Amino acid sequence: MNKTWMMLGLLAVMLFIAYETSSTTLEIISTTTGLLCVWFTARENMWAWPIGLVNVGCFFYMFWEVKLYADMTLQVFFFILSIYGWVIWSTKRGKAKVRPTRRMTKSMMVTLGILLVAVTLGWGYMLTQYTDASIPYADALIATLSMIAQYLLSYKILENWYVWIVVDVLSVYMYYYKGLHALSFLYLVFLGIAIAGLISWRRQYFTQKAA
């Protein structure tokens with residue numbers, strides 16, 4: 001019950017900030033569905049996936065309007081990974097509500113690290129050369145990190161939260177700089193939920209490992 005009231009309180013604060021900063025209806029819907037999606041994800045609730053698909057659609061259009069093209073393109077990958085994650089979380093779960101949490105392997109860590117550098121540089125260069133992107137390399141870095149985090153989340157790998165925490169910190173600054181104040185505040189809230197999600201998932205992982 002306390003967690004439910006906390007969630008309602010966060011929604012109320014976000015709506016107030018959106019009103020005070022004259023946020024658009026689309027931004028309000030995006031931030032609200034985004035908050036619900038991350039909240040349910042941290043609690044390992046399957047509702048995270050359908051709500052996430054709505055959120056992805058809203059973000060796609062919103063990022064197109066403010067010329068954050070890497071983030072816009074990212075939503076296509078998010079849509080695909082969200083459907084895939086919905087399927088993955090629903091399989092091999094036995095009597096549990098969702099599939100058990102796993103850890104990242106060393107080979108996966110090295111591979112994703114190389115991809116992070118290569119994709120960020122390549123994507124940033126493309127945005128610089130062929131678009132009027134506002135902050136191309138920062139946009140590309142956050143987008144690439146987000147894609148990696150979503151991939152890990154879809155496979156229910158614990159380390160997704162570490163990556164999301166980095167994404168959230170960088171996003172707070174970038175969206176504030178772009179004047180998306182409600183969205184910037186949302187990512188500040190995401191940061192808190194990501195930390196809570198990490199703690200919860202770690203506790204659950206070590207409990208299931210001990211069992």
Quick one: residue 191 ticks every box in (1) on the phi < 0 side of the Ramachandran plot; (2) out of contact with any Asp or Glu (no Cβ under 6 Å at 6 or more places or on another chain) bar one, so which box is it? (2)
Can you confirm whether residue 6 is hydrophobic (A, V, I, L, M, F, W, C) and modelled with pLDDT of 75 or more? no
Specify the residue that is modelled with the lowest pLDDT; the eligible residues are those in region 195-211 that are of a type in the set (Gly, Ala, Ser) and over 19 Å from residue 169 (Cβ atoms). 211
If you check residue 74 against the conditions, is it surrounded by 11 or more Cβ atoms within 10 Å (Cβ to Cβ), under 24 Å from residue 162 (Cβ atoms), among the aliphatic types (A, V, I, L, M) and free of Cβ contacts under 8 Å to residues at least 60 places away in the same chain? no
Would you mention how many residues in region 66-109 are in a loop (DSSP other than H, G, I, E, B), farther than 15 Å from residue 149 by Cα and not aliphatic (A, V, I, L, M)? 9
Filtering region 107-144 down to residues that are aliphatic (A, V, I, L, M), under 17 Å from residue 63 (Cβ atoms) and free of Cβ contacts under 8 Å to residues at least 24 places away in the same chain yields 126
Does residue 208 count as more than 20 Å from residue 64 (Cα to Cα), of a type outside the set (Lys, Arg), part of a helix (DSSP H, G or I) and in contact with a helix residue (DSSP H, G or I) (Cβ under 6 Å, 6 or more places away or on another chain)? no
Considering only region 135-169, state which residues are more than 16 Å from residue 74 (Cα to Cα) and either part of a helix (DSSP H, G or I) or among the small types (Gly, Ala, Ser) (or both). 160, 161, 162, 165, 166, 169
Looking at region 173-190, can you tell me whether even one residue there is touching a helix residue (DSSP H, G or I) at 6+ places or on another chain (Cβ under 6 Å), over 21 Å from residue 107 (Cα atoms) and surrounded by fewer than 19 Cβ atoms within 10 Å (Cβ to Cβ)? yes
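The values are calculated or read from the model by the stated rules, or taken from the named source; none is laboratory data. The model shown is predicted, which means the values in this text are computed figures rather than measured ones. Note that we place each Cβ from the backbone using ideal geometry, even for glycine, and neighbour counts take in every protein chain shown.
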